[in-house]
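One structure is given here, and the rest of the page talks about it.
Every number here is computed from the coordinates shown, using simple stated rules; none is lab data. If you're wondering where the values come from, they're calculated on a predicted model, not measured in any experiment. Backbone-built Cβ (ideal geometry, glycine too); neighbour counts: all protein chains shown.
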Amino acid sequence: MTITVHARRWSRRRTNCSRTASRRRSRTPAPRPTATSRTSALLLAAYPEIDDDAGLLPPDAPADPAARLDLVMAAFLAFTLRWEPQLRAQLRLSLEPGAPQPVLRRGRAIRWIEQALAPLAETHDVHALAVAIRSATGIESLVWLTDIGGLDRPHAAEVLAGSARAILRAALDPGAS
């Protein structure tokens with residue numbers, strides 16, 4: 001009974017406050033940011049600054065595509081492991097129905113892998129190959145290997161790097177697969 005009485009009093013107070021508020025001059029409030037945009041902003045603030053045009057290859061990178069890919073994958077996987085919580089959150093946001101693509105999921109990894117594979121541009125579709133490698137080595141694959149496959153992160157990183165090498169080998173020697 002006490003709960004009912006307090007609820008009624010609260011309800012009356014709320015109604016009176018609403019009437020008072022409606023008498024005041026009406027102002028259109030600024031649009032409130034959505035949960036997705038707030039989360040994206042927070043993640044972007046916690047994410048490292050990376051020049052989109054910068055690659056992961058050192059200036060003195062070797063000419064061999066396999067060696068170049070190993071260098072890029074080592075840096076990419078270190079980056080993925082270091083920023084895993086933010087990358088997981090961005091992945092989660094990108095999977096929401098009708099959600100816009102989060103700021104941090106713009107395909108930089110594909111460009112980095114394309115730079116590693118640049119020596120193959122005359123003989124191979126470097127973009128398609130980079131997409132195939134990225135599909136097997138990104139945060140999505142890491143999440144599956146650790147959460148479903150039960151691998152620890154260092155072992156999962158080895159599997160991802162091995163997958164990148166296997167995809168490259170298959171592209172270089174299609175008769176072997």
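Applying the Karplus relation 6.51 cos²θ - 1.76 cosθ + 1.60 with θ = phi - 60° to region 84-98 yields 3J(HN,Hα) values of 3, x, 5, 5, 4, 5, 5, 4, 4, 4, 5, 8, 5, x, x Hz, where x marks Gly and Pro. Summed over all non-identical Cα pairs, the Kirkwood treatment of region 101-175 gives a radius of 13.2 Å. Each Lys or Arg adds one and each Asp or Glu subtracts one; over the other residues with Cβ under 14 Å from the Cβ of PRO65, this totals -3. Under the combined filter of DSSP loop state and at most 16 neighbouring Cβ atoms within 10 Å, region 102-147 retains these GluC sites (Glu not before Pro): GLU122.
Efficiency by 1/(1 + (r/R0)^6): what FRET value for ASP64 and ASP152, r their Cβ-Cβ distance, R0 = 30 Å, to the nearest 0.05? Write out the running numbers ahead of the final one.
Details: r = 30 Å, r/R0 = 1.01.
Between ASP64 and ASP152 the formula returns 0.50.
When you filter the trypsin sites (Lys or Arg not before Pro) in region 85-159 for DSSP loop state and at most 11 other Cβ atoms inside 10 Å of their Cβ, you are left with ARG106.
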